[in-house]
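Student: My questions will all concern the structure given below.
The values are calculated or read from the model by the stated rules, or taken from the named source; none is laboratory data. Given the structure is predicted, the values throughout are model-derived calculations rather than measurements. Methodologically, a virtual Cβ is constructed for each residue, glycine included, from the backbone with ideal geometry; neighbour enumeration extends over all protein chains shown. Side chains included, ligands, DNA and RNA excluded: accessible areas come from the protein's heavy atoms. Shrake-Rupley method; radii C 1.70, N 1.55, O 1.52, S 1.80 Å.
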Amino acid sequence: MENLLVPLYEHPADRPEAWEAVIRAAPRLYGVVLNPDSGPGAAPDPAFAAVAARLRSAGVRVLGYVDTDYARRPHAAVVQDLLRHRDWYAADGAFLDQVTSGPEALTHYRRLAVAAREAGAATLVLNHGVHPDPGYLRFADVLVTFEGTWATYQDLDVPPWTAAYPADRFCHLVYAAPADAVVAARIRCAVPGDRPHPWGTLPHALEAAR
């Protein structure tokens, strides 16, 4: 088990071969972030629904992408996206993006976590992109504590408090990474793509298997 968390932000009709590679790699995956249109979109997308069904059949967590805009998006708008992911794609998890890192928004995100669980999210991943206040671990399963370039990753400073928690509570998402990149987190993803759209490329580990 490689515990790859794959954010593939490409439409299945445009990149069918990439999605096939992801589905074939099911035993190596922690989960896949499903992101039809910076969220579930305004209407169900049959192509994404089909991909989600195949992933679930293969035993892969399907995490519905929801942007929280660093606590600026209204609670109701985030909840609507969570429900759409559940109803349209049968997502069994949630990936909340652009999550604040300080303690001032803990109450806001605790409420969102409750709503995500009520919407059927068995797995909740929060993407801070940096090491946040440890209070977020009280209601999330996984925290993304790094998202950025491989060059920046070389200087990552891991705070001592993380040692008190199991390694599978943390994830690193690294882009502009070389093929031999070694990512320290138990749950991880390293892709060759760079800005403005790094998550349109497959992880190196899956590219090699195609």
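Student: Mind putting a number on the dipole of the chain about its Cα centre? Charges go on the C-beta only, +1 for Lys and Arg and -1 for Asp and Glu, and I need it in Debye to the nearest 20.
Tutor: The dipole magnitude comes to about 540 debye.
Student: Another question, if that's okay. Which percent of the accessible area of the stretch 1-107 is formed by carbon and sulfur heavy atoms (probe 1.4 angstrom)?
Tutor: The value for the stretch 1-107 is 51 percent carbon and sulfur by accessible area.
Student: Between Ala151 and Ala77, what is 0.36 nm times their sequence separation minus the Cα-Cα distance? Round to one decimal in nm.
Tutor: 23.1 nm
Student: Now for a separate question. Glu10 to Arg117: FRET efficiency via 1/(1 + (r/R0)^6), r the Cβ-Cβ distance, R0 30 Å, to the nearest 0.05?
Tutor: That pair, Glu10 with Arg117, gives E of 0.55.
Student: Counting only heavy atoms of protein chains, what accessible area per residue, in Å², does the chain have with a probe of 1.4 Å?
Tutor: 43
Student: Using a 1.4 Å probe on the protein heavy atoms, what percent of the accessible area of the stretch 138-183 belongs to carbon and sulfur?
Tutor: On the way: 1260 of 2330 Å².
With neighbouring chains kept in place, the figure for the stretch 138-183 is 54 percent.
Student: Hey, another quick one. Report the Cα centroid-to-centroid distance between the stretch 125-150 and the stretch 75-89 in angstrom, as an integer.
Tutor: So the two Cα centres are separated by 21 Å.
Student: Helix-only mean residue ellipticity at 222 nm, the chain, DSSP H runs n ≥ 4 weighted -39,500 (n - 2.57), per residue, nearest 500. What is it?
Tutor: Theoretical 222 nm ellipticity from helices: -8000 deg cm²/dmol.
Student: Suppose every K and R has +1 on its Cβ and every D and E has -1 on its Cβ; what is the size of the dipole of the stretch 146-210 about the Cα centre, in Debye to the nearest 20?
Tutor: Approximately 200 debye in magnitude.
Student: Asp194 to Val182: extension gain in nm, 0.36 nm per residue of separation minus the Cα-Cα distance?
Tutor: Result: 2.6 nm gained on full extension.
Student: Expressed in nm to one decimal, what extension gain is obtained for the pair Ala90 and Val158 from 0.36 nm per residue of sequence separation less their Cα-Cα distance?
Tutor: Numbers: separation 68, 0.36 × 68 = 24.48 nm, distance 3.51 nm.
Working it through step by step, the gained length comes to 21.0 nm.
Student: While we're on this one: In whole percent, what relative contact order does the chain give with Cα contacts below 8 Å and a gap of six or more residues?
Tutor: Working: 409 pairs, mean separation 36.3, N = 210.
That works out to 17 percent.
Student: Once Lys and Arg get +1 and Asp and Glu get -1 on their Cβ, which of Ala53, Gly148, Pro7 lies farthest toward the positive end of the dipole of the chain?
Tutor: Ala53
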